[in-house]
There are 2 protein chains.
Amino acid sequence: MKTPICDMLGIEFPLLAFSHCRDVVAAVTNAGGFGVLGASSHSPEQLEHELAWIDDQVDGRPYGVDIVCPEKFEGKGMDLTSEQIAAMVPAEHRDYVVKLLDAHGLSLDELGSNPFSARQTLSDSIGEKLLDVSFRHPIKLIANALGVPPQFMIDRAKAEGVPVAALVGAKEHAIKQVQAGVDVLVAQGTEAGGHCGEVTTMVLIPEVIEAIRPIRDVPVLAAGGIVTGRQVAASIALGAAGAWTGSVWLTTEEAETAPYTVQKMLGASSRDTVRSKGRTGKYSRQLKSAWTDAWTPEANGPGALPMPLQSILSENVLNRLDVLAEKGNQGAQALASYWVGQGVGLMNKVRPAREVVREMIEDYLDAAERITGSVEGGDE
Amino acid sequence: MKTPICDMLGIEFPLLAFSHCRDVVAAVTNAGGFGVLGASSHSPEQLEHELAWIDDQVDGRPYGVDIVCPEKFEGKGMDLTSEQIAAMVPAEHRDYVVKLLDAHGLSLDELGSNPFSARQTLSDSIGEKLLDVSFRHPIKLIANALGVPPQFMIDRAKAEGVPVAALVGAKEHAIKQVQAGVDVLVAQGTEAGGHCGEVTTMVLIPEVIEAIRPIRDVPVLAAGGIVTGRQVAASIALGAAGAWTGSVWLTTEEAETAPYTVQKMLGASSRDTVRSKGRTGKYSRQLKSAWTDAWTPEANGPGALPMPLQSILSENVLNRLDVLAEKGNQGAQALASYWVGQGVGLMNKVRPAREVVREMIEDYLDAAERITGSVEGGDE
């Protein structure tokens with residue numbers, strides 16, 4: 001198959017797969033797509049370890065890395081320690097979480113030591129260290145998951161000859177990104193898992209392409225809700241250079257998704273997700289649960305804190321709830337959530353990542369045939 | 001061109017155009033698409049007049065009618081007069097609107113006599129009368145805009161040999177509709193103007209097709225955000241039989257959209273719409289304005305009333321605000337709104353409806369070529 005992104009990245013099928021799991025990244029790359037390792041919560045040492053493993057698996061086939069260097073966050077420029085950031089969380093919010101847990105029959109003690117802390121703090125310095133590690137490996141794309149990439153990222157990538165991708169959820173952001181020098185845009189619709197805006201993929205893709213055309217010709221990847229080959233074909237029809245996927249890999253055999261969450265996902269319809277600030281402080285789409293309910297305006301709680309403070313409240317707590325949920329704790333099961341897009345309604349089976357790619361290619365070809373057939377029919 | 005819906009309806013391009021404006025209906029039908037007259041706010045006499053006019057224009061080419069026979073509404077089965085329904089609106093809500101107008105420098109007196117009333121009341125009997133009128137004309141499709149069509153509508157259409165279409169925004173509703181005997185499903189994504197659910201077109205179309213497959217093979221039209229030919233092609237890629245459009249016709253030369261609203265639409269981005277209960281009592285997508293703001297949870301107002309009571313508060317008021325907005329009244333301009341989907345971000349020019357169809361066909365063919373090219377490239 002051939003689209004602009006296939007040429008640019010040296011792949012056979014215009015499919016990029018974002019995953020925190022190195023096994024998924026390697027499997028997709030080996031199946032003719034392009035794996036992108038989500039490395040925002042890795043330490044530099046962990047990232048080095050993961051990329052070395054991937055290099056061993058993919059035999060020179062192309063893959064990429066995604067890190068988070070957000071433009072704006074509480075404490076930006078201050079390079080605070082996680083303890084200093086944790087201390088910025090108001091007592092009111094800690095108390096609210098304790099009460100929420102209590103209402104679900106859970107005490108804070110059950111969640112292990114130091115529940116209100118983050119695995120990783122956001123900072124430019126950690127971003128630079130992750131970049132250093134990434135560029136010691138033969139990566140073919142570096143992506144920034146939130147906002148315009150910092151100048152050091154763009155400069156470094158240009159020096160290394162590696163294209164920079166950035167995620168956008170609105171045409172105004174796309175324009176800023178292209179002006180900043182980004183090489184690939186991931187236009188992510190509101191149906192996407194994780195951070196997303198309000199505009200749907202069907203509208204966002206043509207709107208972004210139209211908006212950036214006068215500035216510079218940058219390939220746009222469609223993201224948001226894409227879990228089948230027919231949706232990849234729809235993306236190409238919309239003018240995208242390919243598709244960027246994430247959610248679909250969460251229920252593959254390789255993924256490290258918490259087992260109870262996998263079961264929730266397999267049973268979920270597209271209406272079981274919600275855009276919530278409850279996880280990171282910015283709107284991100286995830287499974288609806290008692291946790292996300294607690295951060296809606298209707299809940300009359302204190303509301304979510306700005307990034308990265310909300311993660312101090314949520315990250316460890318939700319990870320540890322996953323363990324309790326798996327053991328059958330009903331309160332933990334009600335609260336458990338994870339990022340996933342509306343495409344979860346089409347994710348009904350655990351399969352190997354390789355098989356997902358193969359089925360996507362077949363489904364893409366069927367869709368292409370439908371389109372070709374519709375046009376040929378008119379020539380009769 | 002040829003798709004299942006082209007065969008079923010006898011059209012050349014798989015495009016259905018919903019409009020309250022007979023000129024748009026006739027223009028689209030004459031250009032090779034399929035016009036559908038939105039007749040929910042017509043009296044039987046008006047509808048007779050409009051359909052006779054359309055018959056004169058289209059020379060036997062196919063068109064349809066869309067009426068609203070909702071399953072559930074306040075006063076259902078009671079056949080209340082509009083006065084009786086208006087009397088059901090609490091004083092608190094009337095006062096809230098008066099205060100809202102006042103905050104925008106407007107008094108109720110400026111809005112003419114009897115501002116809190118509806119042009120048309122919902123009832124099964126009006127639905128039956130509109131059906132009677134419709135079937136006196138050679139309509140090729142009858143659509144119900146909200147919920148499962150009543151049995152009398154399905155029975156009558158079957159007797160007349162006319163397929164029945166129904167709008168759905170979730171797979172659960174699609175299953176109910178197919179079980180009730182509907183012949184065509186319009187699966188409408190959250191990006192759609194007017195009543196819509198939460199699921200986006202990109203996800204909803206494959207999800208609905210998958211859900212109804214075990215029951216019966218019913219063509220699914222994609223709706224929501226579709227204003228270009230590439231999006232029609234994307235719909236076919238997703239497995240839809242064609243596309244159902246609405247918003248794109250609001251800024252055509254023929255449309256009767258209020259002039260100030262047309263200007264708002266031409267300048268709007270996809271993020272300038274909102275799903276609001278403020279117009280009908282059910283979530284419907286429309287231009288964001290001071291009116292829609294007033295019915296959000298954050299506004300601390302009394303909240304929207306159930307259908308059809310909210311329309312008593314909104315319909316005349318908003319129509320008359322349109323007149324004042326056109327005259328330059330700034331309060332009215334801030335409040336003015338109208339149903340439109342996120343596709344408004346791609347609607348930047350007033351054009352004749354005929355030209356919109358022609359451009360859509362060209363854009364569809366370009367998209368088909370992109371898809372074909374991507375597959376052929378792979379054979380090299």
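What to note about this one:
- When A:G267, A:G229, A:G281, A:G239 are checked against the criterion of being more than 22 Å from A:E12 (Cβ to Cβ), within 14 Å of chain B (Cβ to nearest Cβ) and either surrounded by fewer than 24 Cβ atoms within 10 Å (Cβ to Cβ) or at pLDDT 95 or above (or both), a single residue qualifies: A:G267.
- The set of residues from the stretch A:317-332 being of a type outside the set (D, E, K, R), surrounded by fewer than 21 Cβ atoms within 10 Å (Cβ to Cβ) and out of contact with any Leu (no Cβ under 7 Å at 6 or more places or on another chain) comprises A:N319, A:V323, A:L324, A:G328, A:N329, A:Q330.
- Unique match (being assigned by TED's automatic domain parsing to the domain that holds B:R156, surrounded by fewer than 24 Cβ atoms within 10 Å (Cβ to Cβ) and closer than 18 Å to A:G224 by Cα) among B:E191, B:E210, B:E198: B:E198
- Any hit, the stretch A:180-188, residues being in a helix (DSSP H, G or I) and either in contact with a helix residue (DSSP H, G or I) (Cβ under 7 Å, 6 or more places away or on another chain) or of a type in the set (F, W, Y) (or both): yes
- Within the stretch B:213-226, the set of residues being outside any strand (DSSP E or B) and touching a residue at least 40 places away in the same chain (Cβ under 8 Å) comprises B:I215, B:V218, B:P219, B:G224, B:G225, B:I226.
- Residue count for the stretch A:176-208, restricted to those that are more than 9 Å from every other protein chain (Cβ to nearest Cβ) and of a type outside the set (S, T, N, Q): 16.
Here's the yes/no breakdown for (1) more than 27 Å from A:R136 (Cβ to Cβ); (2) touching a Phe, Trp or Tyr at 6+ places or on another chain (Cβ under 6 Å); (3) at pLDDT below 95:
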{"site": "A:R22", "(1), (2), (3)": "no, yes, no"}
{"site": "A:N30", "(1), (2), (3)": "no, no, no"}
{"site": "A:G35", "(1), (2), (3)": "no, yes, no"}
{"site": "A:A39", "(1), (2), (3)": "no, no, yes"}
{"site": "A:L51", "(1), (2), (3)": "no, no, no"}
{"site": "A:E74", "(1), (2), (3)": "yes, no, yes"}
{"site": "A:L100", "(1), (2), (3)": "yes, no, no"}
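- Exactly one residue out of A:A237, A:A180 is among the small types (G, A, S), farther than 26 Å from A:L130 by Cα, over 21 Å from the mean Cα position of the chain (by Cα) and assigned by TED's automatic domain parsing to the domain that holds A:G127: that is A:A237.
- Residue check, B:I361 over 15 Å from B:L100 (Cβ atoms), within 12 Å of chain A (Cβ to nearest Cβ), within 23 Å of the chain's Cα centre (by Cα) and modelled with pLDDT of 95 or more: yes
- Which numbered condition B:L309 fails, given (1) closer than 19 Å to B:E198 by Cβ; (2) modelled with pLDDT under 95: (1)
- Residue count, the stretch B:153-175 (criterion: more than 14 Å from chain A (Cβ to nearest Cβ) and in a helix (DSSP H, G or I)): 8
- Checked against (1) out of contact with any helix residue (DSSP H, G or I) (no Cβ under 7 Å at 6 or more places or on another chain); (2) in a loop (DSSP other than H, G, I, E, B); (3) within 24 Å of B:K282 (Cβ to Cβ), B:I139 meets all criteria but (3).
- Just one of the numbered conditions (1) under 17 Å from the mean Cα position of the chain (by Cα); (2) in a helix (DSSP H, G or I); (3) not assigned by TED's automatic domain parsing to the domain that holds B:V36 is not true of B:T280: (2).
- All positions within the stretch A:154-193 that are of a type in the set (S, T, N, Q) and touching a Phe, Trp or Tyr at 6+ places or on another chain (Cβ under 8 Å): A:Q188
- Of the residues A:G169, A:G181, A:G194, A:G189, the single one that is among the small types (G, A, S), free of Cβ contacts under 8 Å to residues at least 60 places away in the same chain and on the phi > 0 side of the Ramachandran plot is A:G181.
The values are calculated or read from the model by the stated rules, or taken from the named source; none is laboratory data. Computed from a prediction, not measured in an experiment: that's the story for all the values here. In this analysis, Cβ positions are derived from the backbone assuming ideal geometry, glycine residues included, and neighbour counts consider all displayed protein chains.
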